[in-house]
Every structure is written in structure tokens, then in C-alpha cells.
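This report refers to the structure that appears directly beneath it.
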Amino acid sequence: MNARTKLRLPKEHGAWAMLYMPFAVGVLVAGSVSLRLLFLALSVTLVFIARESLLVWWRARSRGHEDRAARRLMVSYLALGALFGAPVLFVYRLYWLAAFGAVTLILLVVNARQSVRREDRTIGGELIAIAGLTLTAP
């Protein structure tokens, strides 16, 4: 088993680009690179990585099984994402980013639900995924 499979890293190479390109554009518009940007990038990345574990765990649950390893990874990634995101909110006082985070989490859950039901490759499913990934720009 390779590291990508063991850590349940996302397989979709296009999704990585859709996550980071809006983020890069946002950085260019802001015109500065700082420690808070690094914290935000780590937080966004960890929440994105948590999606794969969420899908594996949710699919197993829908089939009547319990995948504890996937749940443990999902919780770990989300906790680390929150840990890196906390300074952005509370130290740098960028409270308005919490609204973007909440919308992103809602879209993540909706998209995961669609994926478990095999509805994620529909136009609506793709639009929800794109909306969630491009929220890194602001």
C-alpha cells in the first residue's frame, strides 16, 4: 500500500488545481505573503484532504460497516485544519473568514452525500464541488 492510499489523499489531480489556483489568485490580489497566509493554506489543504476519508467512512457506513481508520483520519485532518485555521481567526482577527469556512463545510457535506449516492458526477454535483473549491479565492 503506497503512502497516498494509506493517508487517503485525494486522487483527482484537477481538484488540486481548482483548489490552489483561486487561492493563488487571491494571494496575488492581496499583494502580500505572510504567516497568516501559510496558516490558511495549511488549514484549507487539510480540510480538502479530509474529504477523501469522509467519503470512505460515509460509504462504509451506508453499507452497514464501520471504517474506523477512515473516521480517525477524517477527524485528524479536520482537527489539524481547525488548529491551523484558529490563529487566522483569533490571532489575526479575520472573523469574516469563518463564514466562508462554514459555507465550505456545508458544501463539503452536500458533495460527500452526493458522492455516496453516486450523484456527484451530475451537473449539480460538479457545480457544488467547483463552488466549494473556488471559495479559497476570497
Next on the checklist: Could you identify which residue out of Ala70, Ala82, Ala30 has the top mean-square fluctuation in a GNM of the chain using Cα springs shorter than 10 Å?
Outcome noted: Ala30
Next on the checklist: Given the options Leu54, Ala69, Leu83, identify the residue whose Cα lies farthest towards the positive end of the charge dipole of the chain (+1 on Cβ of Lys, Arg; -1 on Cβ of Asp, Glu).
Outcome noted: Ala69
Checklist entry - Of the heavy-atom accessible surface of the chain (probe 1.4 angstrom), what whole percent is carbon and sulfur? => result 68
Checklist entry - How far is helix 13-30 tilted, in degrees, relative to the longest principal axis of the Cα atoms in the chain, given as a value from 0 to 90 rounded to the nearest 10? => result 10
Next on the checklist: Contact order normalised by length for region 14-138, with contacts defined as Cα pairs under 8 Å and 6 or more residues apart; what percent is it?
Outcome noted: 37
Next on the checklist: Using the basic label-point model (7 angstrom from Cα toward the beta carbon), what is the Ala99 to Ala86 distance in nanometres?
Outcome noted: 2.5
Checklist outcome for this item: Row for region 52-132, column shape: gyration tensor on C-alpha, a ≥ b ≥ c, rounded if a/c < 1.5 i.e. under 1.5, prolate if a/b over b/c, else oblate; value oblate
Checklist outcome for this item: From DSSP H assignment alone, runs of 4+ in the chain each adding -39500 (n - 2.57), the sum over residues rounded to the nearest 500 puts [θ] at 222 nm at -24500 deg cm²/dmol
Checklist entry - Nearest 10 degrees, 0 to 90: what angle lies between the long axis of helix 35-62 and the longest principal axis of the chain (Cα atoms)? => result 10
Item to check | Paramagnetic label zone (point 7 Å from Cα along Cα-to-C-beta, Arg72; backbone N under 14 Å) in region 1-19 | outcome: 6-8
Next on the checklist: For region 82-138 and region 1-70, what is the centre-to-centre distance using only Cα atoms, to the nearest Å?
Outcome noted: 11
Item to check | Answer label for Rg and Dmax of the Cα atoms in Å (calculated), chosen among (i) 17.1, 60; (ii) 13.9, 41; (iii) 15.3, 50 | outcome: (iii)
Checklist entry - GNM, the chain, Cα, under 10 Å: largest mean-square fluctuation among Gly125, Gly14, Gly101? => result Gly14
Next on the checklist: Among Glu66, Glu12, Glu52, which one shows the highest mean-square fluctuation when the chain is modelled as a Gaussian network with alpha-carbon springs under 10 Å?
Outcome noted: Glu12
Checklist entry - With the other protein chains left in place, how much accessible area per residue, in square angstrom, belongs to the chain at a 1.4 angstrom probe? => result 62
Next on the checklist: Taking a ≥ b ≥ c as the square roots of the Cα gyration tensor eigenvalues, with a/c under 1.5 meaning rounded and otherwise prolate when a/b beats b/c, else oblate, which class fits region 8-77?
Outcome noted: prolate
Checklist entry - For helix 68-86, what angle does its Cα long axis make with the longest principal axis of the chain, in degrees from 0 to 90 and rounded to 10? => result 10
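The values are calculated or read from the model by the stated rules, or taken from the named source; none is laboratory data. Keep in mind that this is a model prediction, so the values were computed, not measured. So basically every Cβ, Gly included, is an ideal-geometry build from the backbone, and we count neighbours across all protein chains shown. All accessible areas refer to the heavy atoms of the entire protein, side chains included, with ligands and DNA or RNA removed. Shrake-Rupley method; radii C 1.70, N 1.55, O 1.52, S 1.80 Å.
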